[in-house]
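K.L.:
Pasting in a structure now, in structure tokens, and then I'll have a few things to ask.
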Amino acid sequence: MHTWKDPETGLEWQVESPGTMSWQKALEYAGSLFLGGKNDWRLPSAMELETLMDRKALYAELRPVMREDVPFRDKLSYWSSTTFEKNTRNAWVVMFEGGYVLSYPKTNKYHVRCARG
């Protein structure tokens, strides 16, 4: 399986992350990705990445975790396409270890997982 379509949002996700890279490299990678016969992949927004979290687990686990039905469950940190408005040199990163969404310099290296739809 190279892609997975989320039944809750209809978004199609890249199953295997290519690893870590800067935000600019992540945008370039997403723009050049050809996967599953499709070439309209992009870096997901912070809100789209957050849809992969199970916020109901907040009460049982004290922090949200990745939803059980997501086939690529991990606790890594992923770039979003969303630039931080107050400091445009930063972008939002969704950290599945602990369920945080924080902004970091675009020169940092975080994991990438593309989406389409």
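Quick note: the coordinates plus some simple rules give every number you see, no bench work behind them. Note that the structure is predicted; figures quoted are calculated from it, not measured. A quick note on method: Cβ atoms are made from the backbone with ideal geometry, for glycine too, and the neighbour counts reach across all protein chains shown.
K.L.:
Where in segment 21-117 are there GluC sites (Glu not before Pro) that are in a DSSP coil and have at most 15 other Cβ atoms within 10 angstrom of their Cβ?
P.N.:
Of the GluC sites (Glu not before Pro), the ones in loops of segment 21-117 whose Cβ has at most 15 other Cβ atoms within 10 Å are Glu68, Glu85, Glu97.
K.L.:
Quick check: pseudo-label points 7 Å beyond the Cα along Cα→Cβ at His2 and Glu28, how many nm apart are they?
P.N.:
Label at His2, label at Glu28, 2.3 nm between them.
K.L.:
Among Lys56, Lys25, Lys86, determine the one that fluctuates most according to a GNM of the chain built with springs between C-alpha atoms less than 10 Å apart.
P.N.:
Looking only at Lys56, Lys25, Lys86, the biggest GNM fluctuation is shown by Lys86.
K.L.:
Something else about it: Short version: ³J(HN,Hα) in whole Hz for each residue of segment 81-87, in order, from phi by Karplus 6.51 cos²θ - 1.76 cosθ + 1.60 (θ = phi - 60°), x for Gly and Pro, what are they?
P.N.:
Going residue by residue, I get 7, 7, 6, 6, 4, 6, 8 Hz, with x marking Gly and Pro.
K.L.:
Can I ask one more? Show which lysines lie in cross-link reach of Lys5 when reach means a straight Cα distance below 27 angstrom and same-chain residues fewer than eight apart are skipped.
P.N.:
Lys25, Lys38, Lys56, Lys75, Lys109
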